[in-house]
Structures are given as C-alpha cells and as structure tokens.
Amino acid sequence: KGGTTALASFLARHPMLELPAKKEAHVFDSPEFDDDWAPEQVDQRYDGCFQRSEGVLHGDATPIYLFHPILVRRIAAYNPEMKWIVILRHPLERALSQYHMERCRGLETWPLLPALLLERWRLRGHEDDFSPDSPLRRHSYRARGAYARQMDVLLSHFPARQVLLLRNEQLALQPDETLEKACQFLGVEPMATDLEYPRVSENSYPRGDKGGVHWAALLGLFKRSIERLDRGYGIRW
C-alpha cells in the first residue's frame, strides 16, 4: 500500500530489468518455504515468475519481505549481495489503504478505529504465521507502518550501500528523478525521460480531513513510529 506496485510497474519497463509478471512472487514468505533450501532450490521457486532473460537483473516486489525479520534473514542467506529499494508512505495513509482494501475483500468487519486498536490482540499468536489468511497478512495495519524497526532489521543483515530509501510522494511528484535514482542504484542506464507515469492501483475510499479531530486521533496511534523514523532515519511527516 506504499507505492510498490507503481514503482515496480515503472521499473519493469526498463530493458535491463525483469520483475515477475504478477509483481509479487511470494517465495520467501510461502508457508512451504524451507530454511534449509540451497539458493538453487530457491531459484526453482522463481522459475515460473520470469522469462529468465540473459544479461538482465531480476527482482521481486513483495512488500511483506521487509515487514518480517524471518523473511529478511532468509533473503540474506539466499543472496547477501541483494539490493533493496524501500519505498515508504505515511504510515497512517498506508494503514487506511490496507484497511479499506481488506474491507472491499470482505475480510475486515470492524470499523476503522476498533480495527486499529484491536490489532495487537488479533495478531497475538500469529507473529510467524505466513498462511494465506493469517491476521499477520490481513490486519497488520499499524505494525507494517513501524518502518524504523523494519529498517533496523534490514540494516542488520545488509550494508547501507545496498539499500535505497525512497518516499511515496517522491515517486508521485518527481517520477523521472526518482526512477533515475533507482536506476543509478541498480547500476543500469537511466530510463527514457519522455515516459508517462499513470496512476497505478489507486482505490477509492474516504481519506478523511487531515486537519480534523478524527485524523488527529488516528495519527496519535502512529506517533511513536513516526518519531522513531525521524530520529533514526531522518524521514519526517
């Protein structure tokens, strides 16, 4: 819900980059994943996702990979040279997007505020549950916005030079510059500058009045996460 779909769709236009046709391969978070698999066995799980073109970089765009320490550890074991592009959205806006997506799917029945308040109890006992309908996947609205914690885990497994941190609004307002930065990070030629960047995967739901009392009350639930990201990584909303 943070702009991964848009970023992946734009990068997939590059002739030297290949991403899964369905964007999210869900290899490392599969319930069938075996931590004893060798890299070659992991590659076999990806075989159906790519055309396996020679001489191009292959990537994945499965957002949950960053969310859980187990998944970061698995990726580090698979390829410690992996490069990460992390795109972040304001944690409350991201949570609203996920909440309304689950409502549309019929998988969320609680009103917004109770859903956010009850999250800790709904996730209890499912901290490492990667089953398809796990509350960890469906109702982790606040937990997924704890970006500083996730970045701490990521940087404990990968050096900072292998991580590019972007903001959702950068991609929306400055797509050419943001994609040029991504291409430079990946070591490929910049993309053409005459491309169009249509809105991708934009769902209609009430955003709320950002200056209103209701928004301020919701924002309080994310205050600690927002402050910690500012202190640790200089990202301020």
Completion exercise
With Cα coordinates, the longest principal axis of the chain makes an angle with the long axis of helix 91-104, in degrees rounded to 10, of 90 degrees
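By how many nm would the segment from V56 to D35 lengthen if fully extended, with 0.36 nm per residue of separation less the alpha-carbon distance?
In short, 4.9 nm is gained.
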Handout entry: Reachable lysines from K181, criterion Cα separation under 28 angstrom, eight or more residues apart if same chain
Key = K1, K22, K23, K83
Fill in the blank from the handout: Here, E189 and M16, labelled 7 Å along Cα→Cβ, have an inter-label distance in nm of 0.8 nm
Exercise for the section: Can you figure out the FRET efficiency of K83 with K223, using R₀ = 35 Å and their beta-carbon distance, to the nearest 0.05? Expected result: 0.65
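Over the chain, give the accessible area per residue in Å² for a 1.4 Å probe, as an integer.
55 Å²
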Completion exercise
Carbon and sulfur atoms account, in whole percent of the 1.4 Å probe accessible area of region 1-113, for 52 percent
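Convex hull over the alpha-carbon atoms of the chain: what's its volume per residue in Å³? The partial results should precede the final answer.
On the way: hull volume 32.4 nm³, N = 237.
In the chain, the Cα hull volume divided by residue count equals 137 Å³.
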Practice task
Using a Förster distance of 30 angstrom, determine the FRET efficiency expected from the C-beta separation of A76 and R231, and round it to 0.05.
Solution key: 0.75
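What is the local net charge at L71, summed over the other residues whose Cβ is closer than 15 Å to its Cβ (Lys, Arg +1; Asp, Glu -1)?
Its environment carries a net charge of -4.
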Practice task
Using only Cα atoms, find the angle between the long axis of helix 69-78 and the longest principal axis of the chain, and express it within 0 to 90 degrees, rounded to the nearest 10.
Solution key: 0 degrees
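The values are calculated or read from the model by the stated rules, or taken from the named source; none is laboratory data. Because the structure is predicted, anything quoted here is derived from the model rather than measured. No Cβ is skipped: glycine too gets one built from the backbone with ideal geometry, and neighbour counts run over all protein chains shown. The protein model used for the area step is the full one, side chains on, heavy atoms only, and it has no ligands, DNA or RNA in it. Shrake-Rupley method; radii C 1.70, N 1.55, O 1.52, S 1.80 Å.
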